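The values are calculated or read from the model by the stated rules, or taken from the named source; none is laboratory data. Note that the coordinates shown come from a computational prediction; the quantities given were computed from them, not determined experimentally. Glycine gets a Cβ as well: all are built from the backbone with ideal geometry, and neighbour counts include every protein chain shown. The protein model used for the area step is the full one, side chains on, heavy atoms only, and it has no ligands, DNA or RNA in it. Shrake-Rupley method; radii C 1.70, N 1.55, O 1.52, S 1.80 Å.
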Amino acid sequence: MEPPPGRTVVAEVGGRVAGSAKMGPNRPGRGSHIATGSFMVDPDVGVRGVGRALGEHVIGWARDEGYAGIQFNAVVETNERAVGLWRSLGFDVIGTVPGAFDHPEHGPVGLHVMFLDLR
C-alpha cells in the first residue's frame, strides 16, 4: 500500500481482483511535483481494459492532485502491451537503461523511463 500523499486502488472484474495500481510522488522533497505509478494486472484477465482503466485513473488522480507530470521509472522494453498502452495514453520513452532487467525468457533487456507532461 502506498502511504499518503499517495494511494493504492484495486480493479475488480466479476467480483474478483483483476489488478491494482499504486501512485504517489516519484521522489521526495524537490522531486515531489512529479508523480509515479506501479501497476499489476492479472494475466488471466487479458485484454479487458483493466490496465487502461488503472492508467486513466492514475493520470486523472495526478492531474487532480496538481502534479506537473508522471514518470514511470521501469517499463520493461519487451512488454509491448504495456509500452503500447502508455504510448496510447500520451507517455513518451525518454530513455532506456540497457540490460537493466533480467527477463526470464529474453535475458537482459532494457528498462524504459516513460514520461507524461501534465502541464
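Of the residues Gly14, Gly95, Gly49, Gly99, the single one that is in contact with a Pro (Cβ under 6 Å, 6 or more places away or on another chain), more than 18 Å from Leu118 (Cβ to Cβ) and of a type outside the set (Val, Ile, Thr) is Gly99. Per the listing Gly66, Gly49, the residue uniquely at pLDDT 95 or above and of a type in the set (Gly, Ala, Ser) is Gly66.
Here the condition is being in a helix (DSSP H, G or I) and surrounded by fewer than 17 Cβ atoms within 10 Å (Cβ to Cβ); of Gly95, Gly60, Gly51, Gly66, it holds for Gly60 alone. Within segment 64-75, residues that are farther than 11 Å from Val93 by Cα have Cβ atoms under 6 Å from residues that are surrounded by fewer than 18 Cβ atoms within 10 Å (Cβ to Cβ) and not hydrophobic (A, V, I, L, M, F, W, C) in these pairs: Ala68/His33; Ala68/Arg119; Gly69/Asp117, counting only partners at least 6 apart in sequence or on another chain. Candidates in segment 69-92 are the residues that are of a type in the set (S, T, N, Q) and under 25 Å from Pro28 (Cβ atoms); of these, the one that is most open to solvent (accessible area, probe 1.4 Å) is Asn73.
Any idea how many residues of segment 69-92 are more than 26 Å from Pro4 (Cβ to Cβ) and either in a helix (DSSP H, G or I) or of a type in the set (Asp, Glu) (or both)? Total satisfying the criteria: 10. Look at segment 31-44: where a residue is part of a loop (DSSP other than H, G, I, E, B) and a partner is of a type in the set (A, V, I, L, M, F, W, C) and loosely packed, with under 15 Cβ neighbours inside 10 Å, sitting 6+ places away or on another chain with Cβ atoms under 8 Å, you get His33/Ala68; Asp42/Val17. Residue selection: Thr8 satisfies the criterion of being surrounded by fewer than 15 Cβ atoms within 10 Å (Cβ to Cβ), in contact with a strand residue (DSSP E or B) (Cβ under 6 Å, 6 or more places away or on another chain) and without any contact (Cβ under 8 Å) to a residue 40 or more places away in the chain.
If you scan segment 98-119, which residues turn out to be under 23 Å from Gly31 (Cβ atoms) and open to solvent by 100 Å² or more (accessible area, probe 1.4 Å)? Correct list: Arg119 only.
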